[in-house]
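Here is the structure we will look at.
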Amino acid sequence: MTGSAAEVKAVFKKKFKEEPHLYYSPGRINLIGEHVDYNDGFVMPGAIDKGIFFAIALNNSEEINCYSIEFDESISLPLSEVKKMEGWKNYVLGIVNEFQKLKLPVKGFNCAFGGNIPIGGGISSSAALEGGISFSLNELCNFKMSRKELALLGQRAEHNFPGVMCGIMDQYANMMGKENSVLLLDCKNVTHEDIPLHIEGYEIILINTKVHHSLAVSEYNLRRKECEKGLEILKKGLNIQSFRDIKDPVELFPFKNEMGDEVFNRCLFVVEEILRTQKAAVFLKENDITGFGKLMFQTHEGLKDLYEVSCKELDFLVNAAKENKDVIGARLMGGGFGGCTINVVKHEGVESFLVKILSAYKKEFNVHAENYNVKVVEGTHAI
Ligand code: GLA
């Protein structure tokens, strides 16, 4: 995406000839806890300084006019005709649709947006778009919904318009993120604890494979179904409500035949990952970054072999990271099938790590991978 706050404001003023309100809506990282948000697990996301700037104002009409700087495309549509459309438009209109379903009177608005978040990079540009629209409309139309309600509204929008049956992690991190803290998010109760990030001497580096798998959405929804199927089988045999009630992965083995290998592997990963994330939270609170990093590598192994959401480019980057003594932990981040790896790297080793890994990647795949050195910031806010 392209655009700073000032650029987005200038584009808006040129197009709509008035002063806008300005908002920033962040993308997210997730340190650990992958594919468990829709399985009642724990995850550890944070909002980041890669995101989207919005310039927006009510327009005293019944029209939505919204312009994406990146795509150089617009929506111009009466509020009464909100419907599913292609691509980015679905995220904007999905939010308006959810407000309308709550009988909240969305007013006509003009908007231009753009930013510095890579689209399809697994950093949740979609939640950033949803969050910016919902947060700004909530303020401008005076709906008085809480941040948590807006996160849940964003999740429903994503289910109902683009059709990704996502968990709550991305929208929650986008709304509730706190500077220099990650959220230990309990996805069953939708509550969180802020864990301050004391990682002095280390940096969080994302490396973008630039791979965007066309099957990512259908495979994502399929994983969710496979987990539901496995849980039904487990509930019949064990006294549990959800995967998090299983305290030892060995409890799964008696159900392997009934589940079949694929569903069994998905469930094994989920149970392990929920336990791993809780262990990781203890390490982080104790400033044991080395212990934390080892768990990140384990998560990657599980995502690759059991959950099967990795790809050769992600595996290449994680293997290369593992060989570097300055890398404490690395794994694929987000839904998988492409997007970014997240790496925790010793400050003094960052430069040589990047030189080596980016040139090795170029040599192997003939693609220039991108790197982002991210900071953890506040959730969506007015600027
Ligand atoms: C996507 C979804 C999230 C989460 C991750 C995987 O980012 O939107 O809800 O499931 O994948 O952890």
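Taking the numbered list (1) surrounded by fewer than 18 Cβ atoms within 10 Å (Cβ to Cβ); (2) more than 14 Å from the ligand (Cβ to nearest atom); (3) at pLDDT 95 or above; (4) not small (Gly, Ala, Ser) in turn, Ile205 passes all entries but (1).
For the stretch 166-179, a residue qualifies if it is closer than 16 Å to Lys50 by Cβ and more than 16 Å from the ligand (Cβ to nearest atom), and exactly one does: Glu179.
Please go through the stretch 257-290 and give me each residue that is within 19 Å of Ile204 (Cβ to Cβ) and in a helix (DSSP H, G or I), ordered by number.
Answer for the stretch 257-290, where residues must be within 19 Å of Ile204 (Cβ to Cβ) and in a helix (DSSP H, G or I): Arg276, Thr277, Ala280, Ala281, Phe283, Leu284, Lys285, Ile289, Thr290.
In the stretch 227-256, the residue that is surrounded by the fewest Cβ atoms within 10 Å (Cβ to Cβ) out of those that are among the aromatic types (Phe, Trp, Tyr) and more than 18 Å from Lys188 (Cα to Cα) is Phe253. Taken over the stretch 105-135, the criterion of being within 16 Å of the ligand (Cβ to nearest atom), out of contact with any helix residue (DSSP H, G or I) (no Cβ under 7 Å at 6 or more places or on another chain) and within 17 Å of Met175 (Cα to Cα) is satisfied by Ile123, Ser125. Candidates are the residues of the stretch 212-247 that are hydroxyl-bearing (Ser, Thr, Tyr) and closer than 22 Å to Phe337 by Cβ; the one that is modelled with the lowest pLDDT is Ser214.
Take Leu183 and tell me if it is modelled with pLDDT under 95, closer than 28 Å to Phe243 by Cα and either in contact with a Pro (Cβ under 9 Å, 6 or more places away or on another chain) or surrounded by fewer than 16 Cβ atoms within 10 Å (Cβ to Cβ) (or both). Can you show your working first?
On the way: modelled with pLDDT under 95: no; closer than 28 Å to Phe243 by Cα: yes; either in contact with a Pro (Cβ under 9 Å, 6 or more places away or on another chain) or surrounded by fewer than 16 Cβ atoms within 10 Å (Cβ to Cβ) (or both): yes.
No.
Annotation note: Cβ proximity below 7 Å between a residue of the stretch 30-43 that is in contact (Cβ under 8 Å) with a residue 60 or more places away in the chain and a residue that is near the ligand (Cβ under 6 Å from one of its atoms) and among the aromatic types (Phe, Trp, Tyr) (sequence gap 6+ or interchain) occurs for no pair. Is one or more of the residues making up the stretch 341-351 touching a strand residue (DSSP E or B) at 6+ places or on another chain (Cβ under 6 Å), assigned to a helix (DSSP H, G or I), in contact (Cβ under 8 Å) with a residue 40 or more places away in the chain and within 19 Å of Asn208 (Cβ to Cβ)? The answer is yes; a qualifying residue exists. The set of residues in the stretch 291-336 that are assigned to a loop (DSSP other than H, G, I, E, B), surrounded by 21 or more Cβ atoms within 10 Å (Cβ to Cβ) and in contact (Cβ under 8 Å) with a residue 40 or more places away in the chain comprises Tyr307, Val309, Met333, Gly334, Gly335, Gly336. When the stretch 44-86 is examined, which residues are found to be under 30 Å from Arg276 (Cβ atoms) and surrounded by fewer than 20 Cβ atoms within 10 Å (Cβ to Cβ)? Result: Asp49, single match. A Cβ distance below 7 Å, combined with a sequence gap of six or more or placement on separate chains, defines the contacts here; from the stretch 225-250, residues that are touching a residue at least 24 places away in the same chain (Cβ under 8 Å) and more than 10 Å from Cys267 (Cα to Cα) reach residues that are charged (D, E, K, R) and part of a helix (DSSP H, G or I) in the pairs Ile233/Glu258.
Say whether the condition of being in a strand (DSSP E or B), more than 15 Å from the ligand (Cβ to nearest atom) and of a type in the set (Val, Ile, Thr) is met by at least one residue in the stretch 184-202. Yes, the stretch 184-202 has at least one match.
The set of residues from the stretch 21-65 being out of contact with any strand residue (DSSP E or B) (no Cβ under 8 Å at 6 or more places or on another chain) and more than 11 Å from the ligand (Cβ to nearest atom) comprises Asp40, Asn60, Ser61.
The values are calculated or read from the model by the stated rules, or taken from the named source; none is laboratory data. This one's a predicted model, so the numbers in the text were calculated from it and none came from an experiment. Here the Cβ is made from the backbone with ideal geometry for all residues, glycine too, and neighbour counts use every protein chain on show.
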